[in-house]
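Notes to accompany the following structure.
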Amino acid sequence: MGKKKNPGPRRKRMKREQRLLNAKTKWLPNTTAKNIAKSYSKWYGVDLQCAIRELETIGLYFSDEYKKQVVIAYENKIASKQKRKEEREA
């Protein structure tokens, strides 16, 4: 019988409903982060867009400007990955 693999921290294996409940009751009251969305995305292992969406369902507010910046940054990241992949293949 082999050694069991460690599946990682429980908070990073949670589904959305579990994350929202946990964030509302335990994480949010105890956090002191300046950038709440970034901190949430790191803590629960989700991307920034998902973090913003979930925090808004909890009741936090983010400006439309910030949301647009996040979307643009995500698109730029994908484009640069594709460009690097094409360069490696050529």
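When the criteria are applied in full, Ala33 meets the requirement of being touching a helix residue (DSSP H, G or I) at 6+ places or on another chain (Cβ under 6 Å) and either modelled with pLDDT under 95 or outside any helix (DSSP H, G or I) (or both). All of Lys68, Lys24 fail the test of being charged (D, E, K, R), out of contact with any helix residue (DSSP H, G or I) (no Cβ under 7 Å at 6 or more places or on another chain) and modelled with pLDDT of 95 or more, apart from Lys68.
Table: residues versus (1) small (Gly, Ala, Ser); (2) surrounded by 12 or more Cβ atoms within 10 Å (Cβ to Cβ).
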position: Asn6; (1), (2): no, no
position: Glu17; (1), (2): no, no
position: Ser39; (1), (2): yes, yes
position: Lys42; (1), (2): no, yes
position: Lys67; (1), (2): no, yes
position: Val71; (1), (2): no, yes
position: Tyr74; (1), (2): no, yes
position: Glu89; (1), (2): no, no
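Can you confirm whether Ala79 is modelled with pLDDT of 95 or more, under 25 Å from Lys15 (Cα atoms), assigned to a helix (DSSP H, G or I) and of a type outside the set (Lys, Arg)? It is false that Ala79 is modelled with pLDDT of 95 or more, under 25 Å from Lys15 (Cα atoms), assigned to a helix (DSSP H, G or I) and of a type outside the set (Lys, Arg).
The values are calculated or read from the model by the stated rules, or taken from the named source; none is laboratory data. Quantities reported herein were computed from a predicted structural model and do not represent experimental measurements. Note: ideal-geometry Cβ built from the backbone for every residue, glycine included; neighbour counts use all protein chains shown.
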